[in-house]
1. State which residue pairs qualify: first residue hydroxyl-bearing (Ser, Thr, Tyr) and inside segment 19-46, second residue surrounded by fewer than 21 Cβ atoms within 10 Å (Cβ to Cβ) in any location, beta carbons under 7 Å apart, and separation of 6 or more residues or different chains.
2. What residue, among those in segment 47-71 that are farther than 13 Å from Asp173 by Cα and polar (S, T, N, Q), is surrounded by the fewest Cβ atoms within 10 Å (Cβ to Cβ)?
3. Among the residues of segment 87-110, which ones are of a type in the set (A, V, I, L, M, F, W, C) and more than 17 Å from Leu149 (Cβ to Cβ)?
4. Would you call Phe93 closer than 26 Å to Asp180 by Cβ and modelled with pLDDT under 95?
5. Which ones in segment 51-73 are of a type in the set (D, E, K, R) and over 22 Å from Gly37 (Cβ atoms)?
6. Just to be sure, is Ala214 among the hydrophobic types (A, V, I, L, M, F, W, C), part of a loop (DSSP other than H, G, I, E, B) and either in contact with a strand residue (DSSP E or B) (Cβ under 7 Å, 6 or more places away or on another chain) or free of Cβ contacts under 8 Å to residues at least 60 places away in the same chain (or both)?
7. Just checking, how many residues over segment 65-97 are out of contact with any strand residue (DSSP E or B) (no Cβ under 8 Å at 6 or more places or on another chain) and not small (Gly, Ala, Ser)?
8. I need the full set of residues from segment 118-130 which are of a type outside the set (Ser, Thr, Tyr) and either closer than 10 Å to Ala162 by Cα or over 19 Å from the mean Cα position of the chain (by Cα) (or both), in order please.
Amino acid sequence: MNATNTVIGLADLHKTYAMGRNRVHALRGVDLTIASGEMAAIMGASGSGKSTLMNIVGCLDRPTSGAYELDGERVDSLERNRLADIRNRRIGFVFQGFNLLSRASALENVELPLLYDRSGRDVDTAAAARRALERVGLGDRSDHQPNELSGGQQQRVAIARALVTEPSLLLADEPTGNLDTATSIEVLALFQELNEQGLTIAMVTHETDIARYARRIVELRDGLIVRDEPVRQRSAGADLAAAVTAEIAV
């Protein structure tokens, strides 16, 4: 599980919640490895365990038992502050809601994770934020507030914020849930571009059409992985985005 190119390594992962006198088994022994440079879609119906899994992978929760290694480091039993440091430096989060500060500029929103960095690194936060915005195609929107940006641009700011710490892993939770079809394709094309550059991405979705933009589909049911296979007919976001743009222009 601790191979050098492994970003996520889960072994016999269990998560049990106490609900009064009842015990809910959200995860029932999950084994999962995601290598560096992969783009995996995590699928499952409500109650399948996918949200619990992603909370543990994102170091937002701990398993009841089992092992979790992130970049080869055992993290499932770390104390809270150490876990928070790892979460801030190694994992970038993108959510369905953009979660941007409404009165802050795009640049200021992207800077935020660096302001919470307690590692002691000497970082020019503004310069790093500008680089992240340029990486998502918004270098010319750094001084715009969220209400001056489209939904797709707001999600790109959120992606830039996730990238600014140069994480090992990008976790995207239903990242296109608040976007129309054309904008969703543009965001998914960006994810594919970032993945081509070497970024490891795990994306939670309940939509098969969205999952086909990934390279691999991992499906959960009743706390167990019931499918783990490569995507055979992968959607190409850049081609589809160009086709949609051309259709709108006509």
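1. As it stands, the answer is Thr33/Met1; Thr33/Thr6; Ser36/Asn5, since those pairs meet every condition given.
2. It comes out as Ser65.
3. As a first pass, look at segment 87-110 and keep what is of a type in the set (A, V, I, L, M, F, W, C): 91, 93-95, 98, 100-101, 104, 106-107, 110.
The answer is Ile91, Phe93.
4. Numbers: closer than 26 Å to Asp180 by Cβ: yes; modelled with pLDDT under 95: no.
Here the answer is no, as Phe93 does not meet what is asked.
5. Step one: filter segment 51-73 for residues of a type in the set (D, E, K, R), giving 61-62, 69, 71, 73.
Scanning segment 51-73 gives Asp61, Arg62.
6. On the way: among the hydrophobic types (A, V, I, L, M, F, W, C): yes; part of a loop (DSSP other than H, G, I, E, B): yes; either in contact with a strand residue (DSSP E or B) (Cβ under 7 Å, 6 or more places away or on another chain) or free of Cβ contacts under 8 Å to residues at least 60 places away in the same chain (or both): yes.
Criteria met by Ala214.
7. First pass over segment 65-97, keeping only residues out of contact with any strand residue (DSSP E or B) (no Cβ under 8 Å at 6 or more places or on another chain): 73, 77-85, 87-89, 97.
Then drop every residue that is not not small (Gly, Ala, Ser), which leaves 73, 78-83, 85, 87-89.
Residues that pass the stated criteria total 11.
8. Arg118, Gly120, Arg121, Asp122, Val123, Asp124, Ala126, Ala127, Ala128, Arg130, listed by residue number.
The values are calculated or read from the model by the stated rules, or taken from the named source; none is laboratory data. Being a predicted model, the structure only gives us computed values, none of them experimental. Ideal geometry is used to build each Cβ from the backbone, glycine not excepted, and the neighbour counts take in all protein chains shown.
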